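**Student:** Below is a structure I'd like to ask you about.
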2 protein chains.
Amino acid sequence: MTAHEIHGPVVPTEQARSVFRPLPASAVRLAPDGLLGRWQARNADATLPHCVEQLGTYGNLANLRRVTGDAEGEFAGMWFADTDVHKTLEAAFWELGRSGTASPFVTDTAGLLEKAQDPDGYLDSYFQAGHRDKQWTELHTSHEMYTAGHLIQAAVAAARSAPQHPAAQQVLAVARRFADLLVQRYGRSAEVDGHPEIETALAELYRVTGHRPYLDLAARFVDNRGHGVLGEGRFGPRYLQDHEPVRQATEVTGHVVRQLYLLAGAVDVAVETGDTELLAAAERLWDSALDSRTYLTGGQGSRHRDEAFGDPYELPPDRSYAETCAAIGNFQLAWRLLLATGKVKYADEMERVLYNGIAGSTALDGTAFFYSNPLHLRTGHDGSHEDAPSQRLAWYSCACCPPNLARLMASLHTYAVTGDADGLQLHLYGSATVTAGGRTVQVATAYPWDGRITVSISDSGTEPWTLALRVPGWCTGSGLTVNGEAVPAEAPDGYLRVTRAWHGGDRVELDLPMPARLVTAHPHVDAVRGAAALVRGPLVYCVEQADLPTAGPLAGAVLEDLELDPAAPPAVAPSDGGLTPVALRVPVRVRADTSPAPLYRDVTGPPPRPAATATVTAVPYFLWANREPGAMRVWIPLAAPEA
Amino acid sequence: MTAHEIHGPVVPTEQARSVFRPLPASAVRLAPDGLLGRWQARNADATLPHCVEQLGTYGNLANLRRVTGDAEGEFAGMWFADTDVHKTLEAAFWELGRSGTASPFVTDTAGLLEKAQDPDGYLDSYFQAGHRDKQWTELHTSHEMYTAGHLIQAAVAAARSAPQHPAAQQVLAVARRFADLLVQRYGRSAEVDGHPEIETALAELYRVTGHRPYLDLAARFVDNRGHGVLGEGRFGPRYLQDHEPVRQATEVTGHVVRQLYLLAGAVDVAVETGDTELLAAAERLWDSALDSRTYLTGGQGSRHRDEAFGDPYELPPDRSYAETCAAIGNFQLAWRLLLATGKVKYADEMERVLYNGIAGSTALDGTAFFYSNPLHLRTGHDGSHEDAPSQRLAWYSCACCPPNLARLMASLHTYAVTGDADGLQLHLYGSATVTAGGRTVQVATAYPWDGRITVSISDSGTEPWTLALRVPGWCTGSGLTVNGEAVPAEAPDGYLRVTRAWHGGDRVELDLPMPARLVTAHPHVDAVRGAAALVRGPLVYCVEQADLPTAGPLAGAVLEDLELDPAAPPAVAPSDGGLTPVALRVPVRVRADTSPAPLYRDVTGPPPRPAATATVTAVPYFLWANREPGAMRVWIPLAAPEA
């Protein structure tokens, strides 16, 4: 990179296998009036400062000051609480690169980390102050390398976002010392950490530094897994991703975030080393997740107990765990696979999980978050417990998700477009300015509320180049015009491509029709049998109790009493200035009073019959739980056809 | 009680409110050729000796010997591992009462407990050896009174089963010393244990001893709950049953076993003190469980993470937790409510959970057990983990269930019949001899395989008395004859009653028709929408992969591909000498190959169509997983009517 060029997460080296190439982070600026740009601005204005504040309130920074002798008292929070600091620092560095704004948190934390680090490079406040005897002795549960990995990722963000900034150089030096310690200690070891993360971190650090031993250690850690070195633990080897070597595995399993982070590392290693077997394994495992273990929102993980994927087709909407960090992991893995392979399905998944599973985790004001993201909140739900709250919380005792959101959103612009000498490829649509390789284009769109995307060329070289526009998998009937003239719009690989010598003022219009649709699930998904979900464009919709009229045929009804009328399609309703720019108006039947019915009855008995018809409002899933608390559902039973 | 009269669990005092009165334990002998009798014999021959052996293998007895200085090493197992000893001892005492057989385990353990007890009465090997500093300091999690409760229940079994036996007297003395310590320490306290159990134990100890302070303390502990004295803990106050006073609560919630054990204690207290408000609360809470939070098998608890009831209508068959101990707790609570109120619904529930949720936990040979009892095991299930194994295991790291089964089965005969001066009431049907109050009757039946029950009077006083026979809620069209003549068979309260002066040789025949039936669930139970379950009499049936033909139209099919044909009822098939005396033959349609189908698709697309019809075998749920491991399901999708 040049002295002043800044970059985002995941920058394969020039030697790496990479069908698409990320643009420099400075190449894309999201417009503040588009949804993506507003999310990113909210992150800078609200989420990131909120995270910094919570790190003080919850003692994460004090934990590190205990090591330096500047604080006393007990260690606070989870034993891997340092990672919340590291992830927030990573977010702050991406934000520094994006906006040029460095908060005092960046400088203070860089100094604190340097001061807290052991002379040999070790840095983990839980073990340094109070648990020295356990250092490196309990890798199955200690999270020491997981913590090191997040430190390294903060340093990667520092080096890519602000290479000249003293705090960035300080953090990079700290991270390298820790990484060097890992190389020295584990470079010939069969051991591995119980929670993957170090793999992708070391590969990225290699990309930043060119220091090959980091990549070699990442590769070693990927292949050390699956040989049972971590023991049974509380939840068995699958939980620890130690049940089977990655390159032999055929199905995702166990703890979702661990599986996804491991695969992210595996892809990073594979593309840098040309390991096609390993890349194929990652693709195969991703497919197994998407084929049978992914919610309609892109969320993954159906089990609260061990945060696991669950069995194939085990996708209960009410007990979806769908951890926010898993959605982020899904996005980050899909991005790596998109770069490596150029396959549009990965960009489709990035879009789906971003607009639903990820976006739904954060409150409108950016300072409250879901950890678990259900697709159905029952009437009568006991939401008093942190594991399944009815409303977003400001923080969690295990606060992995909020700073994970902050680092993703601070770097969101880097995932929208790729580019190389041949042209630009637009993957995520949002109003933005893209400047790269002497080309400048403006993207103008009200996406995802409207499917019209206008790309205006304001600057271009003289050589022809190709503008590639993703046609999402959910779309049929897309249309494309260049300067008002229709061009053949075929996208056999999912990208519409127009190649020409572009001129300033050229204007490309892509139209992606967005009717409201009803979707249903594979018949093996027992949990939503006989039900359908409302979608429009990339957005999953839901019905909330807050939108049920309290008078008329729905008076006294609960969400569980509604059935979709399969013969009456939902209608798209423009904003009334409320929660959402686009709602859906959904014809429903209201079941006759069901509450006194027995829990089980003979099939031959008279079935409950719909008593009335009505129309209810559905809102985007990502906006749910921003009004009074109440029931919500994505999947709604389909009424039987009228006899 | 007279010197040689022996009794079973739950014997209300004469002053207690009790519509039905338990018979002495010696009044009922189950015939060894009936199913109930065979279960009880298997318990004596296999399960109980197995439990005793495991207590040695897993170190539970050694934990107590560490206290007496007769063993060294680390404490083994859960911190409440003593309860496994106490429950096994309780089972051994019931068995001693039933059969007159006292194993060396009884004598040895009685001596060990006496030797291990502190001078002040305290007895808990975890705290006595290694955690003295924590004694009585962490009631929210320590289980100290839970452990005391199980010790007391063993003593109650001892006193009722073998009042003259030295070991019984020894255990009773040990338990009283501990109970006296509790009275002294907590008799004026607002504190309470995190895990209910002590309440019912103290009430029962009061019944055995007549010592009123035990009952008063039980009552105090019931009312101490719900005031937040236990704090948040890991899973919140509901988990700890400390969220709301019992007598104000309207819905069961939180940890199922804790809720059920607490309610058992509440009923015991209520009937002994005449506390109608408390009894009404217990009835109300039981109703809330049965109305919306109970599986078709009588199992309860849909959440693995915190072993909780879950929300109303949250009843996923694949992730049913349905802990064996919860099913036993359901049975024990229903028995208490049946005695207190005489309402048949409680006996119906005892039958349902006994034949399904409880019986299904135990392997055919009586030495392997499910902890969690799913109603659906998916194809591709990861059963490698102890929390959700594909097959029953010989023991568990938390081994509460197997000895709980042992104590229930050893006392099973005491739950079948009640009686008083007015007559006998038959609740659970099995071949048996009943002798009470100068009356002797023989019950002969192949129940639950056949619905004909013959009651022969072989001895009777001269006074008229009433024979009451339960007509199960699942039954329609029951018929009754006395000495071959039909008598009006109306049972408005669920019991057919015949009052007369009986003579030796009189013969009553009750006929309970048992067609195979399809049942469906309340429409709010999303998890089984569009599916039905097969039942016959009290038995729930299931289909196992082991019964799918590997040739013909079902070749290559998995259970998830089957749909029930709603127009073709299942047929009852007599035994072929295999797993079950009565199987069901079930017409099904086999969905066309579904595996390549996308996980989500537009409703408007062509639905997968059934490709073939076939007939499969269904077996009683309680017999599942006794052949090669494989998928199982109780709820099977109903095919759409043919177009």
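**Student:** Using a Förster distance of 51 Å, how high is the FRET efficiency between A:Ser397 and B:Arg452, based on the Cβ-Cβ distance and rounded to 0.05?
**Tutor:** Working: r = 60 Å, r/R0 = 1.17.
After rounding to 0.05, the efficiency reads 0.30.
**Student:** Still on this structure, I have one more. Could you tell me the calculated FRET efficiency between A:Thr604 and A:Gln169, based on Cβ-Cβ distance and R0 = 60 angstrom, to the nearest 0.05?
**Tutor:** On the way: r = 77 Å, r/R0 = 1.28.
According to the calculation, E is roughly 0.20.
**Student:** Now a separate question. When you look at the Cβ of every residue in A:523-536, what mean number of other chain Cβ atoms sits within 10 Å?
**Tutor:** Details: counts 10, 13, 3, 16, 8, 5, 9, 9, 3, 2, 2, 0, 2, 0.
Taking all residues of A:523-536 together, the mean is 6.
**Student:** So, one more: Averaged across the residues of A:514-521, what count of C-beta atoms belonging to other chains lies within 10 Å of each residue's C-beta? Provide the component values of the computation, followed by the final result.
**Tutor:** Numbers: counts 0, 0, 0, 3, 3, 8, 7, 5.
Counting Cβ atoms of other protein chains within 10 Å of each residue's Cβ and averaging gives 3.
**Student:** Tell me, B:Trp635, B:Trp39 in order of fewest to most beta-carbon neighbours within 10 Å? Show your work: numbers first, answer last.
**Tutor:** Numbers: B:Trp635 28, B:Trp39 23.
Lowest to highest Cβ neighbour count: B:Trp39, B:Trp635.
**Student:** For the range A:204-209, take each phi angle, set θ = phi - 60°, evaluate the Karplus expression 6.51 cos²θ - 1.76 cosθ + 1.60, and give the result in whole Hz per residue in order, putting x for glycine and proline.
**Tutor:** Once θ is set to phi - 60°, the couplings for the range A:204-209 become 5, 5, 4, 4, 6, 9 Hz.
**Student:** Rounded, prolate or oblate: which fits the range B:18-71, taking a ≥ b ≥ c as square roots of the Cα gyration tensor eigenvalues, rounded meaning a/c under 1.5, else prolate when a/b beats b/c?
**Tutor:** Verdict is oblate for the range B:18-71.
**Student:** Pulled fully out, how much extra length does the chain show between B:Ala190 and B:Ala489, if you take 0.36 nm times their separation in residues and subtract their Cα-Cα distance? All intermediate terms of the calculation are to be shown ahead of the outcome.
**Tutor:** Numbers: separation 299, 0.36 × 299 = 107.64 nm, distance 5.24 nm.
Length gained, B:Ala190 through B:Ala489: 102.4 nm.
**Student:** By counting other Cβ atoms within 10 Å of each Cβ, how are A:His7, B:His140, A:His150 ranked from fewest to most?
**Tutor:** Numbers: A:His7 24, B:His140 20, A:His150 29.
In increasing order of surrounding Cβ atoms, one gets B:His140, A:His7, A:His150.
**Student:** Based on the mean of other Cβ atoms within 10 Å per residue, sort peptides B:168-175, B:403-410 so the most packed one is first.
**Tutor:** Numbers: B:168-175: 22.9, B:403-410: 28.1.
So the peptides B:168-175, B:403-410, ranked by packing, come out B:403-410, B:168-175.
**Student:** Using r as the Cβ-Cβ distance of A:Val229 and B:Thr433, and R0 as 45 Å, what FRET efficiency do you calculate, to the nearest 0.05?
**Tutor:** Calculated transfer efficiency: 0.15.
**Student:** Would you pull out the residues with amide H under 5 Å of B:Gly77's amide H, same chain only if 5 or more places away, H placed 1.01 Å from N?
**Tutor:** none
**Student:** Taking square-rooted eigenvalues a ≥ b ≥ c of the alpha carbon gyration tensor, is the range B:212-361 rounded, prolate or oblate, where a/c under 1.5 means rounded and, failing that, a/b exceeding b/c means prolate? Let's see the in-between values first.
**Tutor:** Details: a/c = 1.96, a/b = 1.18, b/c = 1.66.
Oblate, since a/c reaches 1.5 and b/c is not below a/b.
**Student:** Would you mind computing, in nm to one decimal, how far apart the modelled labels at A:Ser99 and B:Lys343 are, each placed 7 Å from Cα along Cα→Cβ?
**Tutor:** Label-label distance for A:Ser99 and B:Lys343, simple model: 6.1 nm.
**Student:** In addition: Step by step: find N for the range B:110-180, compute 2.2 N^0.38 Å, then divide the Cα radius of gyration by it. What's the final number? Spell out each step's value before the answer.
**Tutor:** On the way: Rg = 12.5 Å, N = 71, 2.2 N^0.38 = 11.1 Å.
So the range B:110-180 has a normalised radius of gyration of 1.12.
**Student:** Amide H of B:Ile6 versus every other amide H placed in the peptide plane: which residues, excluding those fewer than 5 positions away on the same chain, fall under 5 Å?
**Tutor:** Here B:Ala25, B:Ser26 satisfy the definition.
**Student:** Where does helix B:82-99 land angle-wise versus the long Cα axis of chain B, in degrees 0 to 90, nearest 10?
**Tutor:** The angle comes out at about 80 degrees.
**Student:** Sequence gap at least 6, Cα distance under 8 Å: using those rules, report the relative contact order of chain B to the nearest whole percent. Before the final figure, lay out each step's value.
**Tutor:** Details: 1365 pairs, mean separation 84.8, N = 643.
Normalised by residue count, the contact order of chain B is 13 percent.
**Student:** Also, I was wondering about something else. In nm, give the distance between the simple-model label positions of B:Gln15 and A:Ala612, each being 7 Å from the Cα along the Cα-to-Cβ direction.
**Tutor:** Calculated label separation equals 5.5 nm.
**Student:** Taking Cα pairs under 8 Å and at least six residues apart, what relative contact order does the range A:399-517 come out at, in percent?
**Tutor:** On the way: 225 pairs, mean separation 28.0, N = 119.
Worked out over the range A:399-517, it gives 24 percent.
**Student:** Then there's this: Could you work out the percent of alpha carbon pairs in the range B:228-310 separated by over 20 Å, rounded to a whole number? Working shown, then result.
**Tutor:** Working: 1081 of 3403 pairs.
I get 32 percent for the Cα pairs in the range B:228-310 exceeding 20 Å.
**Student:** Additional query: Would you please classify the overall shape of chain B from the alpha carbon gyration tensor, given that a ≥ b ≥ c denote the square roots of the eigenvalues, rounded means a/c under 1.5, and beyond that prolate means a/b larger than b/c while oblate covers the rest? Display every interim value, and only then the final one.
**Tutor:** On the way: a/c = 1.73, a/b = 1.25, b/c = 1.38.
Judged from the Cα gyration tensor, chain B comes out oblate (a/c at least 1.5, b/c at or above a/b).
**Student:** Could you work out, residue by residue across B:227-238, how many beta carbons of other chains sit within 10 Å of that residue's beta carbon, and then give the average as an integer? Provide the component values of the computation, followed by the final result.
**Tutor:** Numbers: counts 0, 0, 0, 0, 0, 3, 0, 4, 3, 5, 2, 3.
Taking all residues of B:227-238 together, the mean is 2.
**Student:** Using a 7 Å offset from Cα along the direction of the beta-carbon, what are the separations from B:Glu74 to the same position in each other copy, nm, ascending?
**Tutor:** Values, ascending and in nm: 2.4.
**Student:** On a 0 to 90 degree scale, rounded to 10, what angle separates helix A:324-341 from the longest Cα axis of chain A?
**Tutor:** For A:324-341 against chain A, the angle is about 80 degrees.
**Student:** Kirkwood Rh, the range A:466-600, all Cα pairs: how many Å? Intermediate results must be reported in sequence, preceding the final value.
**Tutor:** On the way: mean 1/r = 0.0537 Å⁻¹.
Taking the inverse mean of 1/r over all distinct Cα pairs, the range A:466-600 comes out at 18.6 Å.
**Student:** Now for a different question. Arranged by the count of other C-beta atoms within 10 angstrom, fewest first, what order do A:Met514, A:Met78, B:Met632 take? Show your work: numbers first, answer last.
**Tutor:** Working: A:Met514 22, A:Met78 17, B:Met632 25.
With the sparsest Cβ surroundings first, the list reads A:Met78, A:Met514, B:Met632.
**Student:** Sequence-distant or interchain residues sharing an amide H contact under 5 Å with A:Asp422, placed H: which?
**Tutor:** none
**Student:** Additional query: Quick one: helix A:276-292 against the long Cα principal axis of chain A, what's the angle to the nearest 10°, folded into 0 to 90?
**Tutor:** The helix A:276-292 is inclined about 30 degrees to chain A.
**Student:** Where does each of A:317-324, B:258-265, B:97-104 land if you order them by average Cβ count within 10 Å, highest first?
**Tutor:** Working: A:317-324: 26.8, B:258-265: 28.4, B:97-104: 15.6.
Result, highest mean first: B:258-265, A:317-324, B:97-104.
**Student:** Here's another thing I want to ask about it. Suppose only helical runs count, i.e. DSSP H with n ≥ 4. What mean residue ellipticity at 222 nm does that imply for chain A under -39500 (n - 2.57) per run, divided by all residues and rounded to the nearest 500 deg cm²/dmol? Walk me through the intermediate numbers first.
**Tutor:** On the way: 16 runs with 202 residues, N = 643.
Mean residue ellipticity, 222 nm, calculated: -10000 deg cm²/dmol.
**Student:** Using the Karplus curve 6.51 cos²θ - 1.76 cosθ + 1.60 with θ = phi - 60°, what ³J(HN,Hα) values do you get for each residue of the range B:25-41, in whole Hz, with x for Gly and Pro?
**Tutor:** My calculation for the range B:25-41 gives 4, 6, 7, 10, 10, 6, 6, x, 9, x, 5, 4, x, 5, 4, 5, 5 Hz in order.
**Student:** Right, next: Relative to the present Cα-Cα distance, how much length would full extension add between A:Arg500 and A:Ala568 at 0.36 nm per residue of separation? Don't jump to the answer; show the numbers that get you there.
**Tutor:** Numbers: separation 68, 0.36 × 68 = 24.48 nm, distance 4.51 nm.
Contour length minus Cα-Cα distance gives 20.0 nm.
**Student:** Would you calculate the separation in nanometres between label points at A:Ser384 and A:Ala280, each defined as 7 Å from the Cα along the Cα-to-beta-carbon direction?
**Tutor:** With each label point 7 Å from Cα toward Cβ, the separation is 5.5 nm.
Bear in mind that the values in this text are calculations on the coordinates, not laboratory data. Here the structure is a predicted model, which means the values were calculated and not measured. Here Cβ is always computed from backbone atoms with ideal geometry, including for glycine, and neighbour counts include all displayed protein chains.
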